[in-house]
1. Looking at 44, 107, 11, which is the one that is surrounded by 20 or more Cβ atoms within 10 Å (Cβ to Cβ), out of contact with any helix residue (DSSP H, G or I) (no Cβ under 6 Å at 6 or more places or on another chain) and in contact (Cβ under 8 Å) with a residue 40 or more places away in the chain?
2. Being in contact with a helix residue (DSSP H, G or I) (Cβ under 9 Å, 6 or more places away or on another chain), outside any helix (DSSP H, G or I), farther than 18 Å from residue 119 by Cα and within 15 Å of ligand 1 (Cβ to nearest atom) narrows it down to one residue among 50, 27; which is it?
3. Give me the helices (runs of 4 or more DSSP H) completely within region 76-131, filtered to those with at least 3 residues that are within 16 Å of ligand 1 (Cβ to nearest atom), ordered by residue number.
4. Name the single residue that is surrounded by the fewest Cβ atoms within 10 Å (Cβ to Cβ) among those in region 111-129 being closer than 20 Å to residue 15 by Cβ and out of contact with any helix residue (DSSP H, G or I) (no Cβ under 6 Å at 6 or more places or on another chain).
5. Could you list all residues from region 80-104 that are farther than 25 Å from residue 56 by Cα and in contact with a strand residue (DSSP E or B) (Cβ under 7 Å, 6 or more places away or on another chain)?
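Just so it is clear, none of the values below were taken in a lab; they were calculated from the coordinates. Given the structure is predicted, the values throughout are model-derived calculations rather than measurements. Glycine also receives a Cβ, built like all others from the backbone with ideal geometry; neighbour counts cover every protein chain displayed.
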Ligand SMILES: [Zn+2]
Ligand SMILES: [Zn+2]
């Protein structure tokens, strides 16, 4: 393989995060994440129900309806959204299954921009960099403000293309 064909590290680790996301059994959203220290892979996780508990493919999604404020230019409106709350988010599972000592100074690659709760937990986890692909606009402003406050590098791989077999349409 020629050098210019070789994947850069961002693509390499994001591809792994996408492959991990295919393990998710929630049909609404497959999220994958990996913990990287230097160039070393120290953990992987995806969104899923706790071990030994029925998942979305067995018992269906656990749907809650919430109203969400959306700003469209000058217009603000409340929009009803459905969310599946059966799964533990990928980032939270990553924190549950990795050690603090491994996370200090590490980078997290995640297929989707973290929600507020996950971002808040990651901000207290020892991680110094978060790299994501798909945007999640709902919590974006406050998440970006938090990352700036904490000095955590927060990068979007905007031109990244996921592996064909791992991408999926998201129900939002
Ligand atoms: Zn679900
Ligand atoms: Zn989350």
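1. Going through 44, 107, 11 in turn, the sole match is 107.
2. The match here is 27.
3. It comes to 90-96.
4. 129
5. Result: 102, 103.
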